[in-house]
1. Quick check on my link table: of LYS78/LYS298; LYS209/LYS298; LYS183/LYS326; LYS190/LYS237; LYS190/LYS326, which ones sit more than 28 Å apart, alpha carbon to alpha carbon?
2. Please list the non-local residues whose amide H lies under 5 Å from the amide H of LEU314, H modeled 1.01 Å from N, same-chain partners needing a gap of 5 or more.
3. Give the distance, in whole Å, between the Cα centre of segment 86-118 and the Cα centre of segment 271-317.
4. Rank HIS224, PHE210, TYR189 by how far each Cα sits towards the positive end of the charge dipole of segment 181-228 (+1 on Lys, Arg Cβ; -1 on Asp, Glu Cβ) and give me just the farthest.
Amino acid sequence: MAAPRSCALWGYCGRGWSRVMRGCRLPGLRSSWPGSLLSARLLSQEKRATETHFGFETVSEEEKGGKVYQVFESVAKKYDVMNDMMSLGIHRVWKDLLLWRMHPFPGTQLLDVAGGTGDIAFRFLSYIQAQHRRKQKRQLRAQQNLSWEEIAQKYQSEEDSLSGSHVVVCDINKEMLKIGRKKACAQGYKTGLAWVLGDAEELPFDDDKFDVYTIAFGIRNVTHIDRALEEAHRVLKPGGRFLCLEFSQVTNPLVSRLYDLYSFQVIPVMGEVIAKDWKSYQYLVESIRQFPAQEEFKEMIEDAGFQKVTYESLTSGIVAIHSGFKL
């Protein structure tokens with residue numbers, strides 16, 4: 001068994017925290033070769049290495065962390081409402097499809113990263129419970145001689161309806177987790193569920209711990225996608241499965257034009273009216289355009305060590321489900 005990972009000092013990094021690194025800059029680069037072309041080139045490379053995008057804006061990696069965190073802190077209370085409004089409810093179908101593709105078996109240990117409001121976790125628990133009820137009905141039909149009292153006792157027994165299955169929701173954002181916990185209480189999810197404040201880029205879990213890793217509409221907000229994918233590979237058991245639901249590249253030119261018009265002209269206005277936050281939803285729209293297309297993201301997943309990587313485009317490529325296995 002792998003030794004528990006040590007605690008670290010974390011800096012806010014949106015939907016995945018990044019560790020605060022001290023002393024990372026190489027000292028004295030500017031003065032090592034005064035006025036030389038090599039010095040300028042090294043400084044330029046260092047600058048590019050620490051820059052990233054926040055929507056269409058170029059920012060430092062550290063700055064992006066704070067900005068993304070603020071976005072989700074700001075939208076947390078209206079997050080689910082806005083998802084319904086922006087997608088006209090279709091996001092629910094996409095998430096259902098993710099669970100159907102997963103097809104978890106009894107006893108599955110799931111890690112849902114960037115899953116603060118619990119949408120994937122609740123679907124997982126409901127799926128396992130539905131499997132249990134179907135199995136229970138089949139057993140009762142096979143026992144035709146049971147009395148009414150015996151049947152009632154079987155339905156009322158405290159047998160584990162999750163069959164040992166468990167889901168851990170890991171998210172960077174405290175506000176998103178707070179909303180998720182409230183939803184869990186309101187919807188009656190009390191067992192088989194844990195909430196962890198953690199970093200997609202350095203997960204606070206041992207190696208080879210989970211059967212399935214999911215991340216839905218979260219990985220594009222991570223500063224270092226490659227690190228998040230490597231961490232997903234690390235925490236999965238051999239034979240474990242990686243599943244990612246994320247916005248992707250629209251394949252139909254007509255749909256693409258209409259989608260762009262809706263995204264840039266309607267969604268930020270909707271964000272202002274419903275969530276009183278134009279800028280956060282402008283960022284969300286822009287971040288979708290910065291995320292790799294289906295094939296490029298597939299290659300990134302393979303580079304992280306996953307095998308049998310496939311993807312399925314949904315709704316003309318507005319979103320895609322990527323799948324890979326740790327073999």
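Each value in this text was obtained by applying a stated rule to the coordinates, not by laboratory testing. Bear in mind that the values here come from a model prediction, so they are computed numbers and not experimental data. No Cβ is skipped: glycine too gets one built from the backbone with ideal geometry, and neighbour counts run over all protein chains shown.
1. Details: LYS78/LYS298 32 Å; LYS209/LYS298 23 Å; LYS183/LYS326 32 Å; LYS190/LYS237 26 Å; LYS190/LYS326 30 Å.
LYS78/LYS298; LYS183/LYS326; LYS190/LYS326, as the Cα separations exceed 28 Å there.
2. For LEU314, the qualifying residues are VAL319, ALA320, ILE321.
3. Here the answer is 16 Å between Cα centres.
4. TYR189
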